[in-house]
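The values are calculated or read from the model by the stated rules, or taken from the named source; none is laboratory data. Source: prediction; values computed, not measured. Every residue, glycine among them, receives a Cβ derived from its backbone with ideal geometry; neighbour counts consider all protein chains shown. Heavy atoms of the whole protein, side chains included, go into the accessibility calculation; ligands, DNA and RNA do not. Shrake-Rupley method; radii C 1.70, N 1.55, O 1.52, S 1.80 Å.
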Amino acid sequence: MNTNRQSYVAESDKITALYCRLSRDDELKGDSNSIINQKTMLQKYAADHGFTNTQFFVDDGYSGTNFDRPDWNRLIAMIDEGLIGTIIVKDMSRLGRDYLRVGMYTEMVFPNADIRFIAINNGVDSINGTENDMTPFINIFNEFYAKDTSRKIKAVLKSKGLSGKPLSPKPPYGYIKDPEDKTHWIIDEEAAAVVREIFHLCVQGYGVSQIANEISKRRILSPTAHAKAHGRGISDNRHDADDYRWADSTISHMLSRPEYLGHTVNFKTYRKSYKQKKSLHRAPTEWQVFKNTHEAIIDQGTYDIVQRIRDGRRRITPMGEMPALSGMVFCADCGKKLYQVRGRNLPRSEYMVCSSYRKKGKKTCTSHQIRNIVIEQQILEGLRNITAYAREHEDEFVQAAMHKSQEEMRKSQREARKELEASGTRIRKLDGIIQHLYEDNLDGKISNERFIKLNANYEEEQHTLIDRMHELKDQLAASEQNATNTDDFLAIVRKYTDIQELTPEIIREFVEKVYVYQPEQIDGHRVQRIKIVWNCIGEFSLPEKKNGTAD
């Protein structure tokens, strides 16, 4: 903003700006009534005191802590052009509730532009000079009011959020507010069908961009356009006016929303200060989740599959394909993912190699190279065997799965507790080492440089251990809460009578991860073992069956 621009407008032709502002926090008798009252007061004051060439500037529904207001910006632009001679407001709080910003305008910007400023109810008139000495204190009290109001609003929202009522002013796409209870969501069937299709496409192997393109091609109204078409008041912040264009970010956000499971999720965002309008995201561990508060659109099994797919960071090949196994295959030795590689021979010559080996060579790991078709054959064989056994011997299957899961849970808990105890012991020992280092440095036994280097190394180790302890505690908590979900696995089994070939959807529904071992030479044959971890039941071997392959 240039406040020193030369004015070419005669003083008699300059505008008397009558500025009105109302925020939702200031409402007493409604927006329109309060603005009308302000206009009446300002117009009467201008007429009674001989001000002519008046023009109203009105910001209805804008907080006093926010100076990015449409008509305020228009007024500032006209000040820059030297068009304004006087500014009149009802009181100082109408100008704003940030005492530093208000002070900047009243003490610097307006005087430099030769603008007379009047706040009627506060008795402020810049032409009176020293009579305005109380103005800074008025601004401070106005800011205190804004801060106090913000604190009270936060307390109300916190109470509401902790009660399980949704804090979001509008339901996510797929839901609408219940006409009989505004805090309850009901399903919008038309939109819910689209939500289900988006999750279904993800399970089939489509990436976020591919889903967005597919839904756009089908000429389905975007969430904003859908709401407007049904007469629902909604802010339209789209950069593209195409009602049928779906953004990648929209799809990505939808696929990660627990609300579609029928849950209310509060406190996902926060603001550092009442002066800052930008919302920051909280970690999911800080969310407040209230389960089964409304009807679900997506079942838990489908939602979990989609989250595993997205956590896998699947990669599209240069030919635009999404490999069915992308993001699901891991090295059994180093734990890193296997990358998809296309061979030169035809057909179906795709194979996978360890990403550690591909990036850093033999020093970190071996190739673990395996053809995609070999993994798929083993998955299909294992899948047909396990689903047949689960259908024909349901009771035995449930009992075996539960026994296996309990054994694995107890084993993992023992290992986690042992590592947790060792980490705690080492952290306490490091505390002592760092204390001795500090004392040796004070006594001159080690130099400052040596102290700084050693101390940094020990503190880094300590921080790593602390982070690991948090992971172990979360792991223990999860293992204690999660029972064997054989019912979910059986529900998936019942969807398929006889699986003859694999599809990306079938793989995602049944398989959580695949681990590939380094090939071995046994009796002159190349043998490569793989381990399949199934959704819901983990690793599971049928009686007298071994999970391996030779090629």
Taking the range 208-223 only, how many residues are open to solvent by less than 30 Å² (accessible area, probe 1.4 Å) and modelled with pLDDT under 90? 0
Flagged in the range 482-496 as of a type outside the set (D, E, K, R), part of a helix (DSSP H, G or I) and modelled with pLDDT under 75, in numbering order, are Thr486
Do we have Leu83 as in contact (Cβ under 8 Å) with a residue 12 or more places away in the chain, open to solvent by less than 30 Å² (accessible area, probe 1.4 Å) and not hydroxyl-bearing (Ser, Thr, Tyr) here? no
I need the full set of residues from the range 381-395 which are part of a helix (DSSP H, G or I) and either without any contact (Cβ under 8 Å) to a residue 40 or more places away in the chain or of a type in the set (Phe, Trp, Tyr) (or both), in order please. Glu381, Ala388, Tyr389, Glu392, Asp395
Give just the number: which of (1) of a type outside the set (Lys, Arg); (2) over 36 Å from the mean Cα position of the chain (by Cα); (3) surrounded by 20 or more Cβ atoms within 10 Å (Cβ to Cβ); (4) at pLDDT 90 or above does Asp59 not satisfy? (2)
Is it true that Glu520 is open to solvent by 70 Å² or more (accessible area, probe 1.4 Å), modelled with pLDDT under 80 and over 29 Å from Thr285 (Cα atoms)? no
Just to be sure before I move on: is Ile118 out of contact with any Lys or Arg (no Cβ under 8 Å at 6 or more places or on another chain), assigned to a strand (DSSP E or B), modelled with pLDDT of 80 or more and of a type in the set (Val, Ile, Thr) in the structure I sent? yes
Can you tell me which residues in the range 122-154 are modelled with pLDDT of 80 or more, surrounded by 13 or more Cβ atoms within 10 Å (Cβ to Cβ) and not acidic (Asp, Glu)? Asn122, Gly123, Val124, Ser126
